[in-house]
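Visitor: Quick one: structure below, then a few questions.
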Amino acid sequence: RGKAHGGKRFEFYASEMPAWTREWLAIETRLRHGLEGGDFVLHYQPQVNLIDGSPVGLEALLRWRQPDGELWSPGRFINVTEETGLILSIGAWVIREATRQMAAWRDAGVPLVPVSVNVSARQCLDRHLVKVVADALADADIPAHLLKIEVTESTAMADLGQLKALLTELRQLGVAVAMDDFGTGYSSLAHLKRFPVDQIKIDPSFIHDITTDANGAAIVRATIALAHGLGVPVVAEGVENAEQMRFLTEHHCDIAQGYLYAYPLACDDVARYLHGNRPNPHGHDAFA
Ligand code: C2E
Ligand code: MG
Ligand code: MG
Ligand code: MG
């Protein structure tokens with residue numbers, strides 16, 4: 001779909017379109033220009049070791065700069081990019097930009113940590129994705145183990161055979177694969193059995209009430225045990241307060257990501273952060 005059917009969508013009269021369709025088309029047009037005009041940016045959210053608070057990774061998160069300077073988060077436009085197929089070119093830009101940025105940090109003497117990039121279901125069905133990743137790494141001269149690809153469970157539902165082939169090829173390149181938003185899709189366990197992953201990320205909805213809801217706490221404990229049983233580290237997403245941090249530390253969660261540690265940061269702020277210039281909720285500075 002997308003490009004191949006590009007003309008079809010315009011066979012309606014504008015007056016017959018529901019308002020949301022017109023708005024959607026306007027966003028699509030602006031997205032196309034945005035890619036050409038350099039209106040997309042990546043922010044990077046640190047992931048920290050729960051034992052000492054030191055950075056162990058960054059997640060690249062897409063932002064779309066509006067004419068008034070406001071930055072839009074993916075929730076406001078990612079659906080349109082997927083429905084139109086624009087996600088393929090935007091997603092390729094994200095992968096190239098993340099590796100280019102890693103090279104820039106490296107050249108500036110910033111200590112590198114692995115960077116995770118999100119890919120949507122649509123991108124996983126694209127035969128070119130592995131080549132996009134391989135070329136981006138080669139062009140930036142970044143070793144594959146410094147790149148991680150995050151797929152969600154809903155992605156995993158799209159086409160199991162094709163997804164398995166894709167993840168296998170990525171891992172053969174040396175790129176790690178993380179299962180994002182774990183627990184929010186269905187048949188998570190069946191997916192884990194079929195697709196080897198290098199990391200499991202627990203969705204914020206489970207972290208939110210771990211200190212107040214016994215069921216939520218039990219699910220998080222079980223997920224940590226599951227990940228460790230599979231021999232992979234687990235990341236808690238959406239960690240916002242010290243009680244959650246303590247619970248996760250006590251239950252041997254490996255890595256935390258959330259506003260308690262850092263918001264998604266612009267690239268200059270990432271450089272300062274990785275140089276050791278950061279608050280540490282654990283109370284001691286890993287670089288001191
Ligand atoms: P995600 O991959 O699960 O990313 C984590 C989201 O949680 C991010 O939202 C992040 O800003 C937010 N977050 C981080 N810490 C906290 C916290 O302590 N509390 C709360 N409430 N939220 C927190 P963001 O940046 O709006 O991204 C939303 C989703 O959009 C991502 O979810 C991901 O699925 C998708 N996305 C982001 N960037 C890309 C991209 O480059 N390509 C594709 N295909 N999808 C992307
Ligand atoms: Mg993610
Ligand atoms: Mg997530
Ligand atoms: Mg998500």
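Visitor: Rounded to the nearest 0.05, what FRET efficiency do A104 and R194 give with R0 = 45 Å and r taken as the Cβ-Cβ distance? Could you check? Write out the running numbers ahead of the final one.
Guide: Working: r = 37 Å, r/R0 = 0.83.
Efficiency, rounded to the nearest 0.05: 0.75.
Visitor: Under the Kirkwood approximation for Rh and a Cα-based Rg, what ratio Rg/Rh is obtained for region 156-212?
Guide: Details: Rg = 12.9 Å, Rh = 12.4 Å.
Rg/Rh for region 156-212 comes to 1.04.
Visitor: Given an 8 Å cut-off on Cα distances and at least 6 residues of separation, report the relative contact order of the chain as a percent.
Guide: Working: 443 pairs, mean separation 53.2, N = 288.
Computed over the chain, the figure is 18 percent.
Visitor: Here's a follow-up. Can you bin every Cα-Cα distance in region 181-288 into 5 Å intervals starting at zero and give me the percent of pairs per bin, rounded to whole numbers?
Guide: Pair shares across the bins are 2, 11, 20, 21, 17, 13, 9, 4, 1.
Visitor: Taking 0.36 nm per intervening residue step and subtracting the Cα-Cα distance, what contour gain separates H33 from A134 on full extension? Please report the intermediate quantities before stating the final value.
Guide: Values: separation 101, 0.36 × 101 = 36.36 nm, distance 2.64 nm.
Stretched fully, the H33-A134 segment lengthens by 33.7 nm.
Visitor: For the chain, divide the Cα radius of gyration by the Kirkwood radius and give the resulting Rg/Rh value with two decimals.
Guide: On the way: Rg = 19.7 Å, Rh = 20.1 Å.
Ratio of gyration radius to Kirkwood radius: 0.98.
Visitor: While we're looking at this one, here's another question. May I have the extent of the alpha carbons of region 53-203 along their three principal axes, as whole Å values ordered from largest to smallest?
Guide: 43, 37, 35
Visitor: Something else: Quick one: if you take sqrt(5λ) for each eigenvalue of the C-alpha gyration tensor of region 94-174, what semi-axes come out, biggest first, whole angstrom?
Guide: Numbers: eigenvalues 124, 27, 21 Å².
Gyration-tensor ellipsoid for region 94-174: 25, 12, 10 Å.
Visitor: Between rounded, prolate and oblate, where does region 204-245 land on the alpha carbon gyration tensor, with a ≥ b ≥ c its root eigenvalues, rounded for a/c under 1.5, else prolate if a/b exceeds b/c?
Guide: Numbers: a/c = 2.60, a/b = 1.55, b/c = 1.67.
Judged from the Cα gyration tensor, region 204-245 comes out oblate (a/c at least 1.5, b/c at or above a/b).
Visitor: Another question about this same structure. Pull out the extension gain between A26 and L226, defined as 0.36 nm times the separation in residues minus the alpha carbon to alpha carbon distance; nm, one decimal. Present the calculation step by step, with values, prior to reporting the outcome.
Guide: Numbers: separation 200, 0.36 × 200 = 72.00 nm, distance 4.48 nm.
Going from the current span to full extension adds 67.5 nm.
Visitor: Just order 241-249, 40-48 by mean Cβ neighbour count inside 10 Å, highest at the front, would you? Display every interim value, and only then the final one.
Guide: Details: 241-249: 16.9, 40-48: 22.0.
Order by mean packing, descending: 40-48, 241-249.
Visitor: Moving on. Distance between Cα centroids, region 85-123 to region 158-230: provide it in whole Å.
Guide: Rounded to whole Å, the Cα centres lie 22 Å apart.
Visitor: OK, next. Across 10 Å bins from 0, what is the distribution of all Cα-Cα pair distances for region 24-133, in whole percents?
Guide: Going from the shortest bin to the longest, the percentages are 13, 42, 32, 12, 1.
Visitor: Ok, one more. Just to be sure I understand: of the beta bridges DSSP finds with both ends in the chain, what percent are antiparallel, rounded to 5? Show your work: numbers first, answer last.
Guide: On the way: 14 of 35 bridges.
In the chain, approximately 40 percent of DSSP beta bridges are antiparallel ones.
Visitor: Moving on to the next point. Any chance you could run the full-extension gain for L160 through R246? It's 0.36 nm times the residue separation minus the Cα-Cα distance, nm to one decimal.
Guide: Values: separation 86, 0.36 × 86 = 30.96 nm, distance 3.70 nm.
27.3 nm is the gain from fully extending L160 to R246.
Visitor: Based on the alpha-carbon set only, what is the convex hull volume of region 67-115 divided per residue, in Å³?
Guide: 116 Å³
Visitor: Mind listing the long-range amide H neighbours of G57? Cut-off is under 5 Å, sequence gap 5 or more, other chains count too, H placed in the peptide plane at 1.01 Å from N.
Guide: Here the answer is Q47, since their amide H atoms fall under 5 Å of that of G57.
Visitor: Suppose only helical runs count, i.e. DSSP H with n ≥ 4. What mean residue ellipticity at 222 nm does that imply for the chain under -39500 (n - 2.57) per run, divided by all residues and rounded to the nearest 500 deg cm²/dmol? Intermediate values should be presented prior to the final figure.
Guide: Working: 12 runs with 128 residues, N = 288.
So the calculated ellipticity at 222 nm is -13500 deg cm²/dmol.
Visitor: A further question on this structure: Run the count for the chain, please: Lys pairs, Cα-Cα under 25 angstrom, 8 or more apart or on different chains.
Guide: 9
Read-outs: derived from the displayed coordinates by stated rules, not from any lab. Keep in mind it's a predicted model, so treat the numbers as computed, not measured. Note that we place each Cβ from the backbone using ideal geometry, even for glycine, and neighbour counts take in every protein chain shown.
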